[in-house]
Structures are given as structure tokens and as C-alpha cells.
1. Run the numbers for Phe35 and Leu66: contour at 0.36 nm per residue of separation, minus the present Cα-Cα distance, in nm.
2. Work out from phi, with θ = phi - 60° and the Karplus expression 6.51 cos²θ - 1.76 cosθ + 1.60, the ³J(HN,Hα) of each residue of the range 159-165, listed in order in whole Hz, and give x for Gly and Pro.
3. Just order 137-148, 109-120, 21-32 by mean Cβ neighbour count inside 10 Å, highest at the front, would you?
4. Need the list of lysines near Lys23 for cross-linking: C-alpha distance under 19 angstrom, and skip anything on the same chain fewer than eight residues off.
5. Return the sequence-ordered ³J(HN,Hα) values of the range 105-110 in whole Hz as given by the Karplus equation 6.51 cos²θ - 1.76 cosθ + 1.60 applied to θ = phi - 60°, using x for Gly and Pro.
6. Quick one: which of Lys26/Lys159; Lys79/Lys127; Lys85/Lys135; Lys61/Lys127 span more than 32 angstrom between C-alpha atoms?
7. How large is ³J(HN,Hα) for each residue in the range 138-148, as worked out from phi by the Karplus curve 6.51 cos²θ - 1.76 cosθ + 1.60 (θ = phi - 60°), to whole Hz, x for Gly and Pro?
8. Taking amide H positions as placed 1.01 Å from N in the peptide plane, with prolines and chain starts having none, which residues 5 or more places from Lys61, or on another chain, fall under 5 Å of its amide H?
Amino acid sequence: MRMGEPHNNNTQSIADYLAQLLKDKKALAAFPNVFVHMERLLDDEISKVRSNLFQINGYVKEPLILPEGNGPPVIHTEKVYVPVKDHPEFNFVGRILGPRGLTAKQLEQETGCKVMVRGKGSMRDKKKEEQNRGKPNWEHLNDELHVLITVEDSDNRAKLKMERAVEEVKKLLTVSEGEDELKKRQLMELAIINGTYRDSSTGLETGPRLALTHTPTLQSVVASQAAAIRQGALGGAPLILSPRLQGLQVPTTLSNGLISSGGPPPLINPNDTQQLLYAQYGLADYSTYAGLTSPLIDYTTDNTGYLVVGM
């Protein structure tokens, strides 16, 4: 067994499970406000699995244990500056926010703090950033790129939350040599969200592309069924027809009936169909079927004189 293989297999299993949970959440969204408790339990499970997915190098995040609140609520704010000058080509904003902002949201759930990226380079649209620079409520664009952490709670609880948030943000801002395991898992999560992740247990993608792969198969099934009908290959139970309705004129096809009679086929007299389970035709009508150029049904008679129709 190669070095690191158990670790990789465990990561793959967690990613597979997360993909299944997100698929269940999408299916549950079709019934809004119906399975309220199930939605809450599913969200909790997704949060736990995401946390396990980002346990890198065996690091396990212990849940934040908070004491009882002491005193009125206060607001604590702190800035953690991003080392852009040391690593000018590194995408710190994407690393902090994560795919669809999920990394920052997960951090907020774990710490109870509000996490925002502010300062120069914090906006994706650089042209809009230059236009907003110097305007009211955009003063942060004059500052260097940083992570703004805000928490509101009693003083003793707010300090613990802030300490955990600052610690986690600094880990995100650490650039390590070699393979970036955090980025690798963020890309894995992005593939799960976009539906392009390939489940290791099934080898199939978990998103819309999966439905496209079944289209040729469905078309081939429909084509084969149509061909079987044309060739008379579909079997079934025979229909036994009685010759009681001798005087009924029955056209062989709907088109022939409309042409010959100038209208639709006549209705059956209810008095002639009492206690019968099938539509019955007389022996005198057998010759009508001989004129078919490409019959789909074979007609034979048994020793009782009844007409037996088989596919």
C-alpha cells in the first residue's frame, strides 16, 4: 500500500457522502416547508461532513465551548491583513471565501463571527472597485487587503469567538510549499456543487450530465420496441373471437372503413354484445383480412370454428 493511500481513500469517501447529501438536499427542495425537521437535520449533517472534509493533515477542529454570558452584549472587531506583498500571485480572496463562499460561511458557523474580505483587491470587478473608491461606505477600499472579523456577544464569549476566528483565518492565509491540499479540497467541493464530481463508488457524475448519458439508451429502447411492433415480434395472449355477430360489417383498417363507408365504423348494437367479454366477428368476415398487404396479426381458426388471433 502506497504512502498516504488510506488518507486519500478517506477523503474520497467523505466527498462521496457529501455529494449524496447535497443531492438529497436538492431533491428535498422540491417540497419547501414540508419536511422542516428533515431539512434541519440534513443541513447539520452537511455542515459536519464539510468540516471533516477540510480536516487537513489529521487536524481536527474541536467545537468551540463557550461559557455562560456575563454582562451586556458588546461588538468586537478585528482586522487580519493578507500577506499580498509576500505572495502577489496567490489568490487569497478565493482561498478565504471558497467555492460559492462556503469556506467563509463554514468559518462563520464554527466561530459565531462575521467574516468579510475588505480592502484593495477585495472586489472581483476591478473597474467597479476603482469607481467606488473614495465614495461613502466604500472607505475600506483605501486600506490594504484584509479580513474583517466582527462578533457581537457578551464580552467573555465574544473574546473566545474572536480568538478562534483569528486563528482560523491566519491558517487560511498561510501559504505552504508543495501541493496545496486546501485548494485541492475546495476544487473537489466546487465539482460536487456544480454536479461534475465523479462518485468513486459508482464512477458516475452526480449532476445534470448524468441525465444526458441516458438519452441514447432511451432512444435505442424506443427504436427497438417500434421495430418489434413492425415485425410482429411482440407476443401476447391470443384473443378468441366468437362468430355470433354475423351481420356486423367490420373494416380491416380505420382508413378503409372511412373510405368505403364514407364515415367512421358503425357502433355495435348493445343487444348483440350481452354476456360477451371480447369484440366478436363472424366467419364471413375472414376474407376481409386476406386483403391486407402487410398484416401485423396472424388469424387462424380452431376445430370449434372460433377465430383465434395471435401476435
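1. Taking Phe35 through Leu66 to full extension adds about 8.1 nm, to one decimal.
2. For the range 159-165, the Karplus curve yields 5, 5, 5, 5, 4, 5, 5 Hz.
3. Most protected by this proxy first, the peptides run 109-120, 137-148, 21-32.
4. Counting by Cα, and skipping residues close in sequence, Lys23 has these lysines nearby: Lys48.
5. 5, 5, 5, 5, 5, 6
6. Lys26/Lys159; Lys61/Lys127
7. Running phi through 6.51 cos²θ - 1.76 cosθ + 1.60 with θ = phi - 60° gives 10, 5, 5, 5, 7, 8, 5, 4, 8, 10, 9 Hz.
8. Long-range HN contacts for Lys61: none found.
Only the coordinates and a few stated rules stand behind these numbers; no lab work does. In this text the structure is predicted, and so the values were computed from the model without any measurement. Cβ atoms come from the backbone with ideal geometry, glycine included; neighbour counts cover every protein chain shown.
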